Amino acid sequence: MTEEGLVQLLTPNGERVAHPEYDAYVADLTDDDLRAMYRDMVLVRRFDTEATALQRQGELALFAQALGQEAAQVGSGRALRPQDHVFPSYREHGVAHVRGLELTEVLRLFRGVDHGGWDPVAHGFHLYTLVIGSHTLHATGYAMGVVRDGLVGTGDPDKDTAVVTYFGDGATSQGDVSEALVFAAVNQAPVVLFCQNNQWAISEPTTRQATVPIAARAPGFGIPAVRVDGNDVLASYAVTAQALERARSGGGPTFVEAFTYRMGAHTTSDDPSRYRSSEQEEHWRRRDPIDRLRAYLESRDALPSQFLASLAAEGDALGEHIRTTIRAMGHPSPASMFEHVYATPHSGVEAERAWFESYESSFLDRPGHSEGSHR
């Protein structure tokens, strides 16, 4: 996959480059705004590090890292307005953080405490979706509903609403994504289809999934597309801001391909050394999104030592909070899996619950079997 044609505002060395179309979208960003983006990326990476360590210690069943993809997530997430709504897959920790979600809530899913128990309405951030690509249809349907609610094209910046859905390059091989593109196009849905092309669908490289850039698929559905340097937080912000502006004003969907790299494993059950080289990883390590923004801020004398010291302390406090919170999580009753399946009572679920509870109690009635001994 070529890097040619990517929208870029910061080079890998942190040098600011002009762009005739997208400079306007970052013109109002202050040094405080840039430092806030830097802080977001640093804290999200610390979260990644802590969660990975907790999984290795047996505290989490699984974890999906976002290591290396912080700029694509933080940049795009910061372009959102409060009324916008996000449909993530299962790696969008940076977007969750920007939307104000307590990140330990994300880990409840990976610990197996619940199925992802935060309030999507409170944060404009839907539950993680592990069924690859299915949430792109949910997002498109939600966006179609937004139009029917009269929340698009009113000219009121506090009312007009857009929807963003995040998915990986591998998901574009799923039929659900193609169906979402069809529905989004023909209904002119106010949805941004944000593909984080981290170049690996588990162990399958993008070159085994497509012979052209992923974004080239969208125009065939009638959807404008743009490719952006996903390791450039400014470019990711600008491109998403434009796409959201188009969606909110009634201009319909946009497909964004953020070309980035998954520095970690697909999940903690994966071993990337089996299918990619250390030379390739080093190539992308030199394009680290956090280092890139740091270099730019330093060139502007906009990264004071006091800020860095405070951020380091905040990162340490976050790490301690994550470790303490996760280890304090209790073990839910197995029967709790039947809760919150449907919004209203469902006879099929209730019948299954009754059978399961009877099955559980049958072990307790036998001599020599204490509660939980059969699990």
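Structural remarks
- Of all beta bridges that DSSP places with both ends in the chain, some 10 percent have antiparallel geometry.
- Summing charges over neighbours of GLY116, with a neighbour being any other residue whose Cβ is under 9 Å away from its Cβ, gives -1 when K and R count +1 and D and E count -1.
- Percent of alpha-carbon pairs separated by more than 15 Å within segment 139-208: 57 percent
- Annotation for ASP23 and ALA328: the two label points, set 7 Å from Cα along the Cα-Cβ direction, are 5.1 nm apart.
- DSSP-assigned coil residues among chymotrypsin sites (Phe, Trp or Tyr not before Pro) in segment 192-261, each with at most 10 further Cβ atoms within 10 Å: none
- Of the residues VAL349, VAL17, the one with the largest accessible area comes first in the ranking VAL17, VAL349, computed with a 1.4 Å probe on protein heavy atoms.
- Heavy-atom accessible surface of segment 1-115, averaged per residue, reaches 38 Å², computed with a 1.4 Å probe.
- Counted charge near THR136, where neighbours are those whose Cβ lies closer than 15 Å (Asp, Glu -1; Lys, Arg +1): -3
- Here the peptides 24-37, 280-293, 68-81 are ranked by packing, the mean other Cβ count within 10 Å, and the order with the highest first is 68-81, 280-293, 24-37.
- What segment 229-279 shows is 28 Å² of accessible area per residue, with the surface traced by a 1.4 Å probe over protein heavy atoms.
- Taking all protein chains together, ILE322, ILE202 sort by accessible area into ILE202, ILE322, largest first [probe 1.4 Å].
- The three principal axes of the C-alpha atoms in segment 1-42 carry coordinate ranges of 32, 24, 15 Å, sorted with the longest axis first.
- The DSSP beta bridges internal to segment 197-306 are antiparallel in roughly 25% of cases.
- Here the alpha carbons of the chain define both size measures, Rg and Dmax, at 21.9, 77 Å.
- Protein-only accessible surface order, largest first, of PHE363, PHE167 at 1.4 Å: PHE363, PHE167
- Based on the convex hull around the alpha carbon atoms, segment 25-168 presents an average projected area of 9.2 nm².
- What separates the Cα centres of segment 285-323 and segment 203-255 is a distance of 28 Å.
The values are calculated or read from the model by the stated rules, or taken from the named source; none is laboratory data. Here the structure is a predicted model, which means the values were calculated and not measured. Neighbour counts are summed over all protein chains in view; Cβ atoms, including those assigned to glycine, are modelled from backbone coordinates with ideal geometry. Ligands, DNA and RNA are excluded from the accessible area calculation, which covers all protein heavy atoms including side chains. Shrake-Rupley method; radii C 1.70, N 1.55, O 1.52, S 1.80 Å.
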